[in-house]
Amino acid sequence: MNKSEHLKKEILLKAIEKSLGIISTACEAVGVSRTTYYKYYNEDKDFKQSVDSISDITLDFAESKLFELIKEKNVTAIIFYLKTKGKKRGYVEKLQAGDQKLPDAIEISFVDGNGNKTPFGEQIAS
């Protein structure tokens, strides 16, 4: 790698960090095409590792902001956190395929005021 390309990668990495990992924004800021970025990313393992590290830092930053909102008792943030991290404890909006085995058949019956079951389809006397 020549000195000019190395310098260009360093400048691009700083722009990626400044843009919180938004590649289009970083490329535009330094005048590098996205094609060039992906060439660097796919061909230079050190560059790829640096970009991935920036992505992790950005995720940590976003998580810290989420926790700040949770500490401030922001209900939306609390619900979001529970839906994404609390699934094992039952905080889900709907069942996902494979979450639970459904029964083979469901019996439906009506119960009159005396507690007697009435077959489905029959009218219950009032």
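Only the coordinates and a few stated rules stand behind these numbers; no lab work does. Remember, it's a predicted structure, so these values are computed and weren't measured experimentally. Glycine gets a Cβ as well: all are built from the backbone with ideal geometry, and neighbour counts include every protein chain shown.
Structure notes:
- Computed E for Val92/Ala62 - FRET, C-beta separation, R0 35 angstrom, nearest 0.05: 0.95
- Remark: for residue pairs Lys18/Lys48; Lys18/Lys39; Lys18/Lys45; Lys45/Lys65, the C-alpha separation exceeds 28 Å in Lys45/Lys65.
- Fewest-first ordering of Lys48, Lys73, Lys9 by other beta carbons within 10 Å of each residue's beta carbon gives Lys73, Lys48, Lys9.
- Ranking of Glu72, Glu17 by count of other Cβ atoms within 10 Å, fewest first: Glu72, Glu17
- Modelled spin labels at Glu72 and Asn114, positioned 7 Å past Cα toward Cβ, are 6.2 nm from each other.
- Packing-based exposure ordering (other Cβ within 10 Å, fewest first) of Tyr91, Tyr40, Tyr81: Tyr91, Tyr81, Tyr40
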